[in-house]
Amino acid sequence: MHGVVVLSLAGGTLAVADAHKSVTIDYDGQVHTVDAYGDTVGDLLRYHRIPVREGDLVQPAASSEATDGGEVVVRSSREVTVEIDGETRTFATTAHTVGELLAAMGPRGDAARATASRSSVLGREPVRVSTLKTVQVAVDGSVLPLRTTQSTVRDVLADVRISLGPDDRTSVPLGAAAVDGMVVLVNRGDMASDQVREVLPFDTERIESADLPQGYEIVRTAGVPGEAVSTYEVRTLAGTVVERTLVSREVTREPVDEVVVVGTMDVSSVSVDPDSARAIGRALAAERGWGDDQFVCLDKLWTKESGWRWNADNPASSAYGIPQALPGEKMATAGADWRTNPTTQIRWGLGYIAGRYGTPCNAWSHSVSVGWY
């Protein structure tokens, strides 16, 4: 009987030891490596009294098996109020920063403009966002599809230098918020003058690229309408214009054609070796709301930069690590182990991409265009 008791106690000791885990917990951006006990992710969170409520994001899921040396991410859901394209909205989100919120909006948020930096924490100050949108402007016999992040009709027209005369009118107020799909009609005033400025439309060129995922488009060159000055001979009768004859036409500004890169890459077969730096990158990107379409861009970017090697060192520039931080010491903001820990380097690199480019595909597109990001 004594032997049975001793065996039971030994078994209990083994069970407790097996339940002990050392894990990294990222709780709303606060990252700590801690000791905890439990068989599931939920057990570990309860051990440290980290609340998980309906709508919160937990990765891996709370019911998943807890692993020693693993990482758990918790993002609390809360209501935020944001002005998006002139409309004030209050909604629940697990986004912690402005950048995470824009990333969750997909392509519309990629190139969006915000009144706060992408690294700013949501809720600390009012945030106004102007997303990438297409505004159709009908002017001088042409319809121009303007892709823009400007927030008002006035700013949209000014951005492409469409001049308005004192007698010209628009179908919507110039101070109205610019929204996706909006149509703006520009009605020119009475042309009694012998000189008239006219808008010249631009063409759109679409280029297919296997370097971008299907369904993803990037405006490589924004379309800008040109301008011409036409001189007329005006004949009047009793103060009324009865005939206008074109005398000359001078192009004062050539239009700039729009160039759109259209992705053709199939992301359905994305495959990543488990326990690799790529697998860590894919998981951490997913935590930001970036799916496989964005991961393929990230993969191409960091394969080019470092081959996903945590010790990649560029002696010519002092760039270091998987994201090739310049200098490498910048990554210390993500953890003291930045020299050797791929997870720390990847977390810093994703934050850098979100803050500067919005998404990995935007960063990759920039790298393709100029050779760096």
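The values are calculated or read from the model by the stated rules, or taken from the named source; none is laboratory data. What you see is a predicted model, and the numbers here were worked out from it, not measured in a lab. With ideal geometry, Cβ positions are generated from the backbone for all residues, glycine too; neighbour counts draw on all protein chains shown.
Looking at region 264-272, can you tell me whether even one residue there is more than 17 Å from the chain's Cα centre (by Cα) and under 30 Å from Y232 (Cα atoms)? There is no residue in region 264-272 that is more than 17 Å from the chain's Cα centre (by Cα) and under 30 Å from Y232 (Cα atoms).
Of the residues making up region 317-338, those that are modelled with pLDDT of 90 or more, over 18 Å from G29 (Cβ atoms) and in a loop (DSSP other than H, G, I, E, B) are G321, I322, P323, Q324.
Hey, any hits in region 146-169 for a residue that's on the phi > 0 side of the Ramachandran plot, basic (K, R) and surrounded by fewer than 17 Cβ atoms within 10 Å (Cβ to Cβ)? Within region 146-169 (the criterion being on the phi > 0 side of the Ramachandran plot, basic (K, R) and surrounded by fewer than 17 Cβ atoms within 10 Å (Cβ to Cβ)), the answer is yes, since at least one residue qualifies. Pairs are defined by a Cβ separation below 7 Å, a sequence spacing of at least 6 or placement on different chains, a first member in region 35-47 that is within 11 Å of T67 (Cβ to Cβ), and a second member that is among the β-branched types (V, I, T); the pairs so defined are V41/V58; V41/V72; L44/V23; L44/V72. When each of E125, E100, E71 is tested for being at pLDDT below 85, acidic (D, E), over 19 Å from the mean Cα position of the chain (by Cα) and surrounded by 14 or more Cβ atoms within 10 Å (Cβ to Cβ), the lone residue that passes is E71.
Looking only at region 68-108, residues that are touching a strand residue (DSSP E or B) at 6+ places or on another chain (Cβ under 7 Å), part of a loop (DSSP other than H, G, I, E, B) and in contact (Cβ under 8 Å) with a residue 40 or more places away in the chain come to 6 in all.
Residues of region 39-83 that are out of contact with any helix residue (DSSP H, G or I) (no Cβ under 9 Å at 6 or more places or on another chain) and under 30 Å from A114 (Cβ atoms): R53, E54, G55, D56, S76, S77, R78, E79, T81, E83. Restricting attention to region 248-267, the residues that are at pLDDT below 90, more than 30 Å from G291 (Cα to Cα) and charged (D, E, K, R) add up to 1. If I filter region 28-68 down to residues being surrounded by 12 or more Cβ atoms within 10 Å (Cβ to Cβ), within 23 Å of G289 (Cβ to Cβ) and charged (D, E, K, R), which single residue comes out as nearest to the chain's Cα centre (by Cα)? Per the stated criteria, the residue is D28. Exactly one residue out of T245, T231, T240 is loosely packed, with under 11 Cβ neighbours inside 10 Å, over 21 Å from the mean Cα position of the chain (by Cα) and at pLDDT 80 or above, and it is T245.
Checking T40, T97 one by one, the residue that is assigned by TED's automatic domain parsing to the domain that holds G123 and not aliphatic (A, V, I, L, M) is T97 and no other.
Taking the conditions (1) small (G, A, S); (2) touching a residue at least 40 places away in the same chain (Cβ under 8 Å); (3) out of contact with any Gly (no Cβ under 9 Å at 6 or more places or on another chain) in turn, S171 satisfies each one other than (2).
Does any residue of region 154-167 turn out to be at pLDDT 90 or above and part of a strand (DSSP E or B)? No, region 154-167 has no match at all. Looking across E287, E258, E305, one residue alone is surrounded by fewer than 20 Cβ atoms within 10 Å (Cβ to Cβ) and within 22 Å of the chain's Cα centre (by Cα). It is E287.
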